[in-house]
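The values are calculated or read from the model by the stated rules, or taken from the named source; none is laboratory data. Quick caveat, the model's predicted, so the values are computed rather than measured. Note that we place each Cβ from the backbone using ideal geometry, even for glycine, and neighbour counts take in every protein chain shown. To get the accessible areas, we keep the full protein, side chains included, count just its heavy atoms, and leave off ligands, DNA and RNA. Shrake-Rupley method; radii C 1.70, N 1.55, O 1.52, S 1.80 Å.
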Amino acid sequence: MKGFLHISLIGLVGLMLFTCPASAQDINRDFIILPSGLKVNGIIVRSFDQQQFTSIKFTSLLGEESVYSPNQINGFGLENGRLFYSTLLPGEKEKVFAQQFLSGTLSLLGYKGNFYISNGREITYLEAKYEETNISGKSVVSFRKPFLGTLNILMAGECGTKLSGAVFTTQYSEQSLIDILVKYHLCEGRPYEVHVERIPVIRVSPFIMAGGGMMNSMVASRYEDRQDSFKKKLTPAILVGLKGYNFRNMPKIGFDAGIGYTKTSNVVNSAYQNQALKLTGTEEFSISTVFTPFFINYSFQKNALMETYLGIGGIYRMNTYKSNFAIQDRTTIYNGITILQEGSYVDYRSHNMSPSLKLGGHFKHQQKLGFIVELQLSYLSNSYTINLDANTAVYNELATSILFGIRY
């Protein structure tokens, strides 16, 4: 199992390193807006779909590199549609790069989780906060929404009155605020532009994977003189599911879930001896498993060509055990008489939940057709119970697998 793990890990890491380009952004075309108003195309170096910038590193199409702060340029745009302007926000002491989600009569800005409305003359902070109050001697924390009143004031007029019910249900989130402002501009018949509409809130795509792995048994409990030996064999597996990735507001977080099938065969040889008896046994068996994994993934490297991530989660397994052949030898030591007994003496859990980790690579994640490779580790508690007469041994398992797949 160690050899399989080492080979899989080396192959996976090597493939990731081989496909990683030196530059984090080598095909996208971004731009900056100079104080003169001139727009200059180039590349803004970044690893993820960032939403907060204190400064930017810009490479022009001629290969010239520069670092800009909010005081040096008017703003910049990313290839995916995100737009940032250098502006002085209420409560801030100096200019920052504020993201503009929507442009129109009332424009929506965002910075560090806070939202603002610009009417072209001034910028108004949309306030939302938690407040602690004392009610009958008990401390109660509630979420206050002063921004709803602010929106009603900014939208004052016939359309504001029509939309008062929708305003009341507006949440303090990027998408909810965009939705109410779009309704307002449509009602007023005024032009607007949503700068993040090309960026989906989340991408969810189906995938199919296949591969193989090894199951390594580990002692959970057994007597000192007890011996059990498993013949380790490769376990093939196939898996289909859904992969969530490229969250608009959490670009480093993703998830995947699915359902799969695996079938393995193995042999266990067992032995135990005390002063009166010598027991040996052999059982050949097969195990069919339907499994449902779920993982939360964290991307630690992403560029235009590939994403590498760590996943943590669990796999629920429903197992069907079949004994193909089983025999036990029971020898009485004082007279040497041996009795042969046929019948299964191995019990495998019909279902279990195993905590799991994985290291993955998602190649061409921005394209319609992507490729996935994953190295997975799972811990299965108390999988086997093996009984030789009244002598019982219990074994855990460590499952190691490498899977290759296609994401549509």
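Worth a mention:
- Region 76-102 - residue that is surrounded by fewer than 19 Cβ atoms within 10 Å (Cβ to Cβ) and more than 23 Å from Glu127 (Cβ to Cβ) and, of those, modelled with the lowest pLDDT: Asn80
- Residue list for region 300-317, restricted to those being over 16 Å from Ser401 (Cα atoms), in contact (Cβ under 8 Å) with a residue 60 or more places away in the chain and of a type in the set (A, V, I, L, M, F, W, C): Ala304, Leu305, Met306
- Set Gly258, Gly281: member being open to solvent by less than 40 Å² (accessible area, probe 1.4 Å), of a type outside the set (A, V, I, L, M) and farther than 21 Å from Asn391 by Cβ: Gly258
- Ser107 within 33 Å of the chain's Cα centre (by Cα) and either within 28 Å of His365 (Cα to Cα) or modelled with pLDDT of 90 or more (or both): yes
- For region 340-375, the tally of residues that are out of contact with any Leu (no Cβ under 7 Å at 6 or more places or on another chain), in a strand (DSSP E or B) and either closer than 18 Å to Ala257 by Cβ or polar (S, T, N, Q) (or both) stands at 8.
- Cross-chain or 6+ apart pairs with Cβ under 8 Å, region 228-248 first and under 10 Å from Ser205 (Cβ atoms), then of a type in the set (Ser, Thr, Tyr): Leu242/Ser205; Lys243/Ser205; Tyr245/Ser205
- Of all residues making up region 230-252, the number that are open to solvent by 60 Å² or more (accessible area, probe 1.4 Å) and out of contact with any helix residue (DSSP H, G or I) (no Cβ under 7 Å at 6 or more places or on another chain): 10
- Of the strands (runs of 3 or more DSSP E) lying entirely inside region 103-177, those containing at least 1 residues that are of a type in the set (Asp, Glu) and open to solvent by 50 Å² or more (accessible area, probe 1.4 Å) span 129-135.
- Residue match in region 181-203 (condition: of a type in the set (Gly, Ala, Ser), at pLDDT 90 or above and assigned to a strand (DSSP E or B)): no
- Failed item, numbered, when Ser378 is tested on (1) among the small types (Gly, Ala, Ser); (2) within 28 Å of the chain's Cα centre (by Cα); (3) open to solvent by 70 Å² or more (accessible area, probe 1.4 Å): (3)
- Candidates are the residues of region 261-278 that are touching a strand residue (DSSP E or B) at 6+ places or on another chain (Cβ under 9 Å) and outside any strand (DSSP E or B); the one that is surrounded by the fewest Cβ atoms within 10 Å (Cβ to Cβ) is Ala276.
- Filter result (open to solvent by less than 70 Å² (accessible area, probe 1.4 Å) and in a loop (DSSP other than H, G, I, E, B)) within region 295-334: Asn303, Ala304
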